Amino acid sequence: MNNQQNPMDMMQMMMAGGKMPEMMQKCMATMEKMANAVEKSAELGTYATPELHNLFEEWLDKTSKGILNELEEDKNIEELAGKLGLSVQSINMLLLRLAAMGKVQIRIMKI
């Protein structure tokens, strides 16, 4: 957080230097992480031009078609990830995107 005081320090000052309850500390730490994530997203967004957005959409469409083709033969996520050179997490996100578009149905989920 550039040019701003640490939220934890501010909260402790407001509490006259007293010790913050543990839950409040956790909440403040979470808020600080969220603020940093928003700041990082804003920084990255400055590099994303309309052309890059279009290229990413094209890549998503092409990769999604590849997933659909592979699903006809194989439904193993780990093997699919290996074939396409993506992480299992990326395959899962693309499958969720395809499900939202109504192109696949996800019937089983393991936790």
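Computed values, structure above
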{"read-out": "Segment 86-111, residues that are modelled with pLDDT of 90 or more and more than 21 Å from Glu57 (Cβ to Cβ)", "value": "Val88"}
{"read-out": "Residue among Val104, Val88 that alone is among the aliphatic types (A, V, I, L, M) and surrounded by 15 or more Cβ atoms within 10 Å (Cβ to Cβ)", "value": "Val104"}
{"read-out": "Residue pairs meeting the criteria (Cβ under 9 Å; at least 6 apart or on separate chains; first part of a helix (DSSP H, G or I), in segment 88-103; second basic (Lys, Arg))", "value": "Arg97/Lys103"}
{"read-out": "Verdict on Lys83 being surrounded by 10 or more Cβ atoms within 10 Å (Cβ to Cβ), in a helix (DSSP H, G or I), modelled with pLDDT of 85 or more and not aromatic (Phe, Trp, Tyr)", "value": "yes"}
{"read-out": "Residue count, segment 44-80 (criterion: outside any loop (DSSP other than H, G, I, E, B), among the small types (Gly, Ala, Ser) and surrounded by 10 or more Cβ atoms within 10 Å (Cβ to Cβ))", "value": "2"}
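The values are calculated or read from the model by the stated rules, or taken from the named source; none is laboratory data. Since this is a predicted model, take the numbers as computed values, not measurements. Note that each Cβ is placed from the backbone with ideal geometry, even for glycine, and that neighbours are counted across all protein chains shown.
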